[in-house]
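J.: Here it is: the structure, laid out below.
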Amino acid sequence: MSGSGPGALKKTTGIVMESRILPEGDAFLRLLPEEGEVGSFRVKGIKKSKTRPIAAVEPGSLTVLDYYYTQGRETFNVKEIGLIRRFDKAKTGYSGTVLVSYLVELVSSFLTEGGSHPMEYKLLLGALKELDEDGYKPVFLPFFKLKLLYVGGFLSKEMECASCGKNLSEIQACSLDETHFEIVCGDCGNPKPDKYGLVLFVQDCLALRYRDLKDKKISLELLKEADSLSNRALKPLLGKRLKSEPMLYESLGENLG
């Protein structure tokens with residue numbers, strides 16, 4: 001965000017995380033910006049406007065705002081609003097709409113108050129672009145959620161035995177402590193059940209890009225296990241169950257789509 005001083009006109013680009021349109025036509029939205037802190041904004045009369053696109057306040061849309069900044073205010077008035085990208089293909093059909101709603105609700109609940117979140121913004125924007133351009137694949141959900149835990153500082157790329165320090169590449173079997181994401185190799189403990197395959201997938205998600213994994217043959221059972229693991233890790237961080245979660249899994253089915 002640029003500009004300075006009370007009442008200064010500023011510009012920001014970001015992803016709409018939440019929105020509410022009032023009967024009189026004003027819209028309130030929460031924006032995850034490319035730079036700066038998450039903010040709340042009021043767009044007057046957008047419901048009746050012929051020049052301001054209503055899709056610009058839709059959750060999951062990439063939007064640009066010119067707004068008046070007044071220090072100490074919690075909600076800023078918008079002068080102009082523009083739609084950069086709605087991600088129409090990603091939102092196609094019921095499943096697509098629910099998936100996008102889930103992603104923005106997940107990230108919105110995950111964000112800590114105050115401070116900037118450029119990595120979460122980059123991750124969510126990349127996910128929306130991927131869905132818009134190449135569609136959904138079963139590896140998408142566990143990959144996205146594990147990456148979210150990583151950019152939030154809750155997971156490390158370094159996977160090694162908590163007892164002897166062996167790197168994952170030197171290990172053939174291991175157990176997994178889900179609370180702290182610690183592993184213990186087969187030489188230091190009895191890995192029952194053996195979670196080596198799951199831990200290796202987690203490491204791949206953290207170390208590689210999505211395009212390196214999306215076309216690999218990965219068993220559905222492993223993807224479901226990784227997705228369940230990421231859900232359990234995220235639950236205490238979110239503090240609530242996401243409204244869109246049951247609808248998402250119902251639409252995807254038992255096979256994650």
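J.: Enumerate the pairs (first residue in segment 236-257 and on the phi > 0 side of the Ramachandran plot; second residue anywhere and charged (D, E, K, R) and outside any helix (DSSP H, G or I)) with beta-carbon separation below 8 Å, excluding pairs fewer than 6 apart on the same chain, so at least 6 apart or on different chains.
T.: Sorted first by the residue in segment 236-257, then by its partner, the pairs are G257/K137.
J.: Here's a follow-up. Of all residues in segment 32-41 being open to solvent by 40 Å² or more (accessible area, probe 1.4 Å) and assigned to a strand (DSSP E or B), which is nearest to Y67 (Cα to Cα)?
T.: Only one residue tops the list, namely S40.
J.: If I filter segment 124-171 down to residues being out of contact with any strand residue (DSSP E or B) (no Cβ under 6 Å at 6 or more places or on another chain) and of a type in the set (D, E), which single residue comes out as nearest to T63 (Cα to Cα)?
T.: D132
J.: Taking only pairs six or more apart or across chains, which ones have beta-carbon atoms under 7 Å, a first residue in segment 82-98 that is in a helix (DSSP H, G or I), and a second residue that is open to solvent by 70 Å² or more (accessible area, probe 1.4 Å)?
T.: Pairs that qualify, where the first residue is in a helix (DSSP H, G or I) and the partner is open to solvent by 70 Å² or more (accessible area, probe 1.4 Å), are V98/M247.
J.: When you scan segment 185-201, do you find a residue that is within 22 Å of L124 (Cα to Cα) and either over 29 Å from the mean Cα position of the chain (by Cα) or open to solvent by less than 60 Å² (accessible area, probe 1.4 Å) (or both), even just one?
T.: Taking every residue of segment 185-201 in turn, at least one turns out to be within 22 Å of L124 (Cα to Cα) and either over 29 Å from the mean Cα position of the chain (by Cα) or open to solvent by less than 60 Å² (accessible area, probe 1.4 Å) (or both).
J.: Checking R211 against (1) within 15 Å of F140 (Cβ to Cβ); (2) open to solvent by less than 60 Å² (accessible area, probe 1.4 Å); (3) not in a loop (DSSP other than H, G, I, E, B): exactly one of these is not met. Which one?
T.: With (1) within 15 Å of F140 (Cβ to Cβ); (2) open to solvent by less than 60 Å² (accessible area, probe 1.4 Å); (3) not in a loop (DSSP other than H, G, I, E, B) applied to R211, the lone miss is (2).
J.: Hey, among E182, E225, E221, which residue is at pLDDT below 95 and under 27 Å from L123 (Cβ atoms)?
T.: E182
J.: From the list P59, P23, which residue is under 19 Å from the mean Cα position of the chain (by Cα) and in a loop (DSSP other than H, G, I, E, B)?
T.: The conditions single out P59.
J.: Restricted to segment 54-66, and to residues that are among the β-branched types (V, I, T) and over 13 Å from P33 (Cβ atoms), which residue is surrounded by the fewest Cβ atoms within 10 Å (Cβ to Cβ)? Spell out how you get there, then give the answer.
T.: Our first condition is that a residue be among the β-branched types (V, I, T); within segment 54-66, this holds for 54, 57, 63-64.
When the remaining residues are screened for being over 13 Å from P33 (Cβ atoms), the result is 54, 57.
Numbers: I54: 18, V57: 25.
Taking the candidates together, the pick is I54.
J.: So, one more: Looking at (1) in contact with a strand residue (DSSP E or B) (Cβ under 8 Å, 6 or more places away or on another chain); (2) among the hydroxyl-bearing types (S, T, Y); (3) open to solvent by 40 Å² or more (accessible area, probe 1.4 Å); (4) within 20 Å of Y210 (Cβ to Cβ), can you tell me which one Y69 breaks?
T.: (4)
J.: Still on this model: Would you pick out the residues in segment 13-31 that are among the hydrophobic types (A, V, I, L, M, F, W, C), under 11 Å from F41 (Cα atoms) and open to solvent by less than 40 Å² (accessible area, probe 1.4 Å)?
T.: The answer is V16, A27, L29, L31.
J.: Now for a different question. Can you work out which of the residues in segment 123-140 that are farther than 14 Å from A90 by Cα and more than 9 Å from the chain's Cα centre (by Cα) is least open to solvent (accessible area, probe 1.4 Å)?
T.: V139
J.: Among (1) open to solvent by 70 Å² or more (accessible area, probe 1.4 Å); (2) in a helix (DSSP H, G or I), which single condition is K217 missing?
T.: Checking K217 against (1) open to solvent by 70 Å² or more (accessible area, probe 1.4 Å); (2) in a helix (DSSP H, G or I), the one that fails is (2).
J.: If I go through segment 221-244 residue by residue, how many of them are under 18 Å from the mean Cα position of the chain (by Cα) and over 21 Å from Y150 (Cα atoms)?
T.: Result for segment 221-244: 2.
The values are calculated or read from the model by the stated rules, or taken from the named source; none is laboratory data. On a predicted model such as this, the values are computed, not experimentally measured, just so you know. Here Cβ is always computed from backbone atoms with ideal geometry, including for glycine, and neighbour counts include all displayed protein chains. Side chains included, ligands, DNA and RNA excluded: accessible areas come from the protein's heavy atoms. Shrake-Rupley method; radii C 1.70, N 1.55, O 1.52, S 1.80 Å.
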